[in-house]
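Trainee: The structure under discussion is supplied below as structure tokens; questions concerning it will follow.
Laboratory data are not the source of any read-out in this text; all were calculated from the coordinates shown. In this text the structure is predicted, and so the values were computed from the model without any measurement. Cβ placement follows ideal geometry from the backbone for every residue including glycine, while neighbour counts extend to all protein chains displayed.
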């Protein structure tokens, strides 16, 4: 599981600069045994009206391209 986590973190690092440009960010919360990635949107991404598009079209797409074994990316709240 450690290798998956490392690869997911590398994928997040690829998308992070684009999120930061808009005052937002994403944090990895967990990679589950079921190969689901749980993330927390922070900064301006947290309350943005486009956060679902950002999650699906930006974050999830980037993670799944880099780590095809991942089955889903889920946003969690505090």
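Trainee: Output the qualifying pairs, or none if there are none: Cβ atoms under 9 angstrom, residues six or more apart or on different chains, first residue in segment 40-64 and touching a residue at least 40 places away in the same chain (Cβ under 8 Å), second residue part of a loop (DSSP other than H, G, I, E, B) and buried (at least 16 other Cβ atoms within 10 Å of the Cβ).
Mentor: From residues that are touching a residue at least 40 places away in the same chain (Cβ under 8 Å), the pairs are 63/70.
Trainee: Here is a follow-up. How many residues are touching a strand residue (DSSP E or B) at 6+ places or on another chain (Cβ under 8 Å) and over 17 Å from residue 72 (Cβ atoms) if we restrict to segment 28-53?
Mentor: 6
Trainee: Does residue 53 qualify as being surrounded by 13 or more Cβ atoms within 10 Å (Cβ to Cβ) and more than 11 Å from the chain's Cα centre (by Cα)?
Mentor: no
Trainee: Look through segment 1-21, keep the residues that are without any contact (Cβ under 8 Å) to a residue 24 or more places away in the chain and out of contact with any strand residue (DSSP E or B) (no Cβ under 7 Å at 6 or more places or on another chain), and return whichever of them is surrounded by the most Cβ atoms within 10 Å (Cβ to Cβ).
Mentor: Applying the filter and picking the extreme gives 20.
Trainee: Taking segment 54-78 only, how many residues are more than 14 Å from residue 10 (Cα to Cα), in contact with a strand residue (DSSP E or B) (Cβ under 7 Å, 6 or more places away or on another chain) and not in a strand (DSSP E or B)?
Mentor: 3
Trainee: Okay, moving on. Quick check: anything in segment 29-39 under 9 Å from the mean Cα position of the chain (by Cα) and either part of a loop (DSSP other than H, G, I, E, B) or surrounded by 16 or more Cβ atoms within 10 Å (Cβ to Cβ) (or both)?
Mentor: Scanning segment 29-39 turns up at least one residue that is under 9 Å from the mean Cα position of the chain (by Cα) and either part of a loop (DSSP other than H, G, I, E, B) or surrounded by 16 or more Cβ atoms within 10 Å (Cβ to Cβ) (or both).
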